[in-house]
Amino acid sequence: MEYQVAADALHGKVILVTGAGDGIGRQAALSYAQHGATVILLGRTVKKLESVYDEIEAAGYPQPAIIPLDMLGATRQHYLDMVDTIEQQFGRLDGVLHNAGLLGVLSPFDQIEEKAYDDVMQVNVKATFLMTQAIMPLIQKSEDGRVVFTSSTVGHSGRAFWGTYAMSKFATEGMMQVLADELSNTTVKVNAINPGGTRTKMRASAFPAEDANNLKKPLDIMPLYLYLMAPEGKDINGQCIDAQPK
Ligand code: NAP
């Protein structure tokens, strides 16, 4: 399927992107802003967020905002405070791209350490869950609310040595399906994207020996990211879609 949206598809919308400082999240923030959205850049490394901010401003897109937040340590209260800030500053929130993620350590199952397990589950699942709970009241006020999670090929088909990361992505897809089903009679659409192998730091740490030149760049997979966030995606709910179908 061709995913195409109007050039101004996200005009007037406020969209939160987690992990917006690098990799796919960085590009998604830029692409959403290019299509008219006011983008809220959330991440843990302020310098990286500032560089995306500057790029958006220099391009003349709507002025973004930065929320520095380490999802490893953040509590429910952090997310509730964040929502208050968003409501005060923008008065609305139309969509969220849950993109921040930790790969953790790839290892045999019997060698998964509890701390490494906890960290990956905290960032990829629990923090994403707490943030979603906190922002849903605002998203549900939007006429076109969107929640987009990020899964992986190992989020619906387990693979040796992918341990906690794979388990966390199964949980992510479960969270997406539960929420999508609950909201199926509303205008809020809840889906997940499997980016497929994409040229980022995370991919390089998972596959250090591969030639990254053979991989798609984050920009190449943006049509799906835009489609699911835009009014054009209003008929899709409860799906995990491959950005690079075979
Ligand atoms: P990436 O380049 O490593 O970017 C991940 C982003 O998440 C970074 O901006 C990172 O911030 C942020 N992040 C990590 N831990 C965080 C925390 N505790 N608090 C706040 N932000 C945090 O990875 P990517 O490849 O773009 O991955 C994006 C998403 O796609 C992830 O959910 C990943 O699982 C998924 N995915 C990627 C691929 C692929 O081939 N690239 C394939 C399948 C799925 P810092 O920059 O500050 O570290």
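The values are calculated or read from the model by the stated rules, or taken from the named source; none is laboratory data. Worth saying up front: this structure is predicted, and the values here are computed from it rather than measured. We place every Cβ from the backbone using ideal geometry, glycine too, and count neighbours over all the protein chains shown. Quick note on the areas: whole protein, heavy atoms, side chains included, nothing else; ligands and nucleic acids left out. Shrake-Rupley method; radii C 1.70, N 1.55, O 1.52, S 1.80 Å.
So the values come out like this:
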quantity: Filtered residues of segment 84-113 (kept if within 16 Å of the ligand (Cβ to nearest atom), part of a loop (DSSP other than H, G, I, E, B) and under 20 Å from the mean Cα position of the chain (by Cα)); calculated: His98, Asn99, Ala100, Gly101, Leu102, Leu103, Gly104
quantity: Unmet criterion (only one of (1) of a type in the set (A, V, I, L, M); (2) open to solvent by 80 Å² or more (accessible area, probe 1.4 Å); (3) touching a helix residue (DSSP H, G or I) at 6+ places or on another chain (Cβ under 9 Å)) for Val178; calculated: (3)
quantity: Boolean, Gly155 is farther than 18 Å from Gly104 by Cβ, within 13 Å of the ligand (Cβ to nearest atom) and open to solvent by less than 80 Å² (accessible area, probe 1.4 Å); calculated: no
quantity: Selection count, segment 49-83, where residues are in a helix (DSSP H, G or I) and open to solvent by 70 Å² or more (accessible area, probe 1.4 Å); calculated: 9
quantity: First in segment 210-225 and open to solvent by 70 Å² or more (accessible area, probe 1.4 Å), second anywhere and near the ligand (Cβ under 10 Å from one of its atoms) and part of a helix (DSSP H, G or I), Cβ under 6 Å, 6 or more apart; calculated: Leu219/Gln27
quantity: Close pairs from segment 21-50: first acidic (Asp, Glu), partner in a loop (DSSP other than H, G, I, E, B), Cβ under 9 Å, at least 6 apart; calculated: Asp22/Thr45; Asp22/Thr200; Glu50/Gly21
quantity: Val154 vs. criteria aliphatic (A, V, I, L, M), in a helix (DSSP H, G or I) and closer than 25 Å to Val120 by Cβ; calculated: yes
quantity: Every residue from segment 188-209 that is under 18 Å from Gln244 (Cα atoms) and more than 9 Å from the ligand (Cβ to nearest atom); calculated: Asn191, Ala192
quantity: Number of positions in segment 1-20 that are open to solvent by 10 Å² or more (accessible area, probe 1.4 Å) and within 16 Å of the ligand (Cβ to nearest atom); calculated: 1
quantity: Output for segment 158-171, where each listed residue is open to solvent by 60 Å² or more (accessible area, probe 1.4 Å) and farther than 19 Å from Gln239 by Cα; calculated: Arg159, Ala160, Phe161
quantity: Qualifying residue in segment 118-141 (condition: within 12 Å of the ligand (Cβ to nearest atom), out of contact with any strand residue (DSSP E or B) (no Cβ under 8 Å at 6 or more places or on another chain) and among the acidic types (Asp, Glu)); calculated: yes
quantity: Residue count for segment 181-193, restricted to those that are open to solvent by 10 Å² or more (accessible area, probe 1.4 Å) and within 15 Å of the chain's Cα centre (by Cα); calculated: 1
